[in-house]
Structures are given as C-alpha cells and as structure tokens.
Amino acid sequence: MTDWPPTDIEWMWSDEANAVACGDCLSVMPQLPESSVDLILTDPPYYKVKGEAWDRQWATPEKFLAWVGQLCAQWYRLLKPNGSLYVFASPKMAARVECVVGSGSISSSG
Ligand SMILES: C[S@@+](CC[C@H](N)C(=O)[O-])C[C@H]1O[C@@H](n2cnc3c(N)ncnc32)[C@H](O)[C@@H]1O
C-alpha cells in the first residue's frame, strides 16, 4: 500500500495496514483521501440513550440527524465505489438514521 498512512494526520498508532487517530470525526475524516476506504463500520452516538455527555450533545432529534448527515457526506466521500457501510443506531432512531443514510448516493440496505 502506498501513501499509507496519510502523513497529514496525527496518528496515535499505525503499522503497514492499520492506523488509529483520536479526534473529532468531523475533523479527522476530511483529512483522509476520497474513495480510499473499503469498509466503514461506525458506532456513533445514539441520541439520548446513554447518560454520557457525548450522547446528549444535540437539543433535538433533528439536530442529531443533521449531524449524522454531516458524517454521511464524509462516509460517501471516503468509500470506494464498491465499499461497505455499517452504521449502528438505537432502536428508537434507527429508521430515521437509515433515512439520512439512504438519502445519500449509496444504498443503505446493502
Ligand atoms: C455508541 S459509543 C461507541 C462505543 C464503542 N463502540 C465501544 O464499544 O466503546 C459512541 C462513541 O462516539 C464517541 N464520539 C462522540 N462524538 C464524537 C465525535 N464528534 N467524533 C468522534 N467520536 C465521537 C463517544 O465518545 C463514544 O465513545
């Protein structure tokens, strides 16, 4: 693999095939090259399921879904044309998250 890992990201750890970055995903993902990812498997916040602050950052479901839409834009940009996307969501929000994911340029149902 050439140009791996991308050198403009501060990696916590990397080897010839893997790299770990710690940061806001909306800051890290834009630094990765487009159409460079085979698989995205993501477990983002669920929206007010957990008591932790990271799950309570949004005042309304709509604001949470707008944030998911921002993630989606990066997922679509990063995935290779035949890439796969798996997004975890809470039972309460899953249908709405799927609508956001499905409104993009890739299938949300595999
Ligand atoms: C549902 S939990 C995932 C838990 C994980 N699967 C595990 O087993 O530890 C969501 C995670 O997203 C992280 N998170 C929240 N906002 C983030 C952001 N903007 N960028 C990156 N990670 C974020 C939270 O800190 C939390 O650890």
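The values are calculated or read from the model by the stated rules, or taken from the named source; none is laboratory data. This one's a predicted model, so the numbers in the text were calculated from it and none came from an experiment. Neighbour counts run over all protein chains shown; Cβ positions are idealised from the backbone, glycine included.
Only one of A89, A73, A95 is crowded, with 17+ Cβ neighbours inside 10 Å and either assigned to a loop (DSSP other than H, G, I, E, B) or modelled with pLDDT of 95 or more (or both). Can you tell me which? One residue alone meets the criteria, A89. Out of the residues in region 29-48 meeting the condition of being within 13 Å of the ligand (Cβ to nearest atom) and among the charged types (D, E, K, R), tell me which one is surrounded by the most Cβ atoms within 10 Å (Cβ to Cβ). Taking the candidates together, the pick is K48. Working only within region 24-62, note down all residues that are within 30 Å of D3 (Cβ to Cβ) and in a loop (DSSP other than H, G, I, E, B). Result: D24, L32, P33, E34, S35, S36, D43, P44. Do we find that A21 is surrounded by 12 or more Cβ atoms within 10 Å (Cβ to Cβ) and either modelled with pLDDT under 95 or within 25 Å of E98 (Cβ to Cβ) (or both) in this structure? In short, yes.
The residue pairs whose first member lies in region 49-70 and is within 13 Å of the ligand (Cβ to nearest atom), whose second member is assigned to a helix (DSSP H, G or I), and whose beta carbons are closer than 7 Å, counting only pairs six or more residues apart or on different chains, are V49/D55; W58/F64; W58/W67; V68/V97; V68/V100; Q70/L26.
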